[in-house]
1. For region B:62-79, how many residues are in contact with a helix residue (DSSP H, G or I) (Cβ under 6 Å, 6 or more places away or on another chain) and away from chain A (no Cβ under 14 Å)?
2. Of all residues being touching a residue at least 24 places away in the same chain (Cβ under 8 Å), open to solvent by 10 Å² or more (accessible area, probe 1.4 Å) and farther than 20 Å from residue A:81 by Cβ in region A:27-59, which is farthest from the other protein chains (Cβ to nearest Cβ)? Just the residue, please.
3. State whether the residues of region A:83-100 include one that is over 11 Å from the mean Cα position of the chain (by Cα), without any contact (Cβ under 8 Å) to a residue 12 or more places away in the chain and more than 11 Å from every other protein chain (Cβ to nearest Cβ).
4. Of the numbered conditions (1) open to solvent by 10 Å² or more (accessible area, probe 1.4 Å); (2) in a loop (DSSP other than H, G, I, E, B); (3) closer than 30 Å to residue A:79 by Cβ; (4) of a type outside the set (Val, Ile, Thr), residue B:4 fails exactly one; give the number of that condition.
5. If you go through region B:26-36 one residue at a time, do you hit one that is more than 12 Å from the chain's Cα centre (by Cα), in a loop (DSSP other than H, G, I, E, B) and not small (Gly, Ala, Ser)?
6. If I filter region A:105-124 for residues that are modelled with pLDDT under 95, acidic (Asp, Glu), touching a helix residue (DSSP H, G or I) at 6+ places or on another chain (Cβ under 9 Å) and surrounded by fewer than 20 Cβ atoms within 10 Å (Cβ to Cβ), do I get at least one hit?
Amino acid sequence: MSFRLTSEEIDPPVLELLGAGGFVEFTGRVRDHNEGHVVLALEYEAFGDLAVKVGNELVEESKSKFGLLEAHVLHRIGLLHLGETAVWIGVAAAHRKAAFAGCEYIIDELKKRVPIWKKEHYTDGESKWIGCDGQEMSHESA
Amino acid sequence: MKINVRYFAILREQSGRAAESLDTTASTPAGLYVELQQKYSFTVPLHAVRSSVNAEFVDDDTVLSEGDEVVFVPPVAGG
């Protein structure tokens, strides 16, 4: 399975593939601010069964769309503190252009499609599910 | 008809539960959502949720069957 959810700290694997000349990795970390708020922590919740299914479909689709030789996604769930890795994506392709494009496509589509939700906890004690009430566009986290 | 519903994120908090088994006269996810929205005052409009039945996305006018597990997926924000 190339798309995984984990409640443990993300320890990215080292991709090794002799047929690949381009390796691109994306790491999304918990940032200390968003939309004018000072962020203390982020909470991620997933509908696990469907998230893994949709995530793996996205990985397979990206591999065939960009000719990626490998693509892996690790997404954290639970409460994360500042600086912690929320998502890691690693792709390998014969050439760099496909690797960059494929990696960006995966993070962009993951944010739109995979049933994972994010709640921001602020220093003023408030908290908010981001974009979850359907009243606004969702925001970038990383 | 007995339907199992699981709730996530904002819908879990607004309903005050992670899952429940309920009797409904609704025959589709759309009908069921409208019923639950009245019961729990969900702030997410029907047009913003995607329906899933037995861990597959479906159209919200899909006909439900006894014992189905329904999850309403509010707008997502992974990454």
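The values are calculated or read from the model by the stated rules, or taken from the named source; none is laboratory data. Remember, predicted model here, so these are calculated numbers, not experimental data. When we count neighbours, we look across all protein chains shown, and the Cβ atoms used for this are built from the backbone with ideal geometry, even at glycine. Just so you know, the surface numbers come from the protein's heavy atoms only, side chains and all, with ligands and any DNA or RNA stripped out. Shrake-Rupley method; radii C 1.70, N 1.55, O 1.52, S 1.80 Å.
1. 0
2. Checked region A:27-59; the qualifying residue farthest from the other protein chains (Cβ to nearest Cβ) is A:56.
3. no
4. (2)
5. Checked region B:26-36: no residue is more than 12 Å from the chain's Cα centre (by Cα), in a loop (DSSP other than H, G, I, E, B) and not small (Gly, Ala, Ser).
6. no
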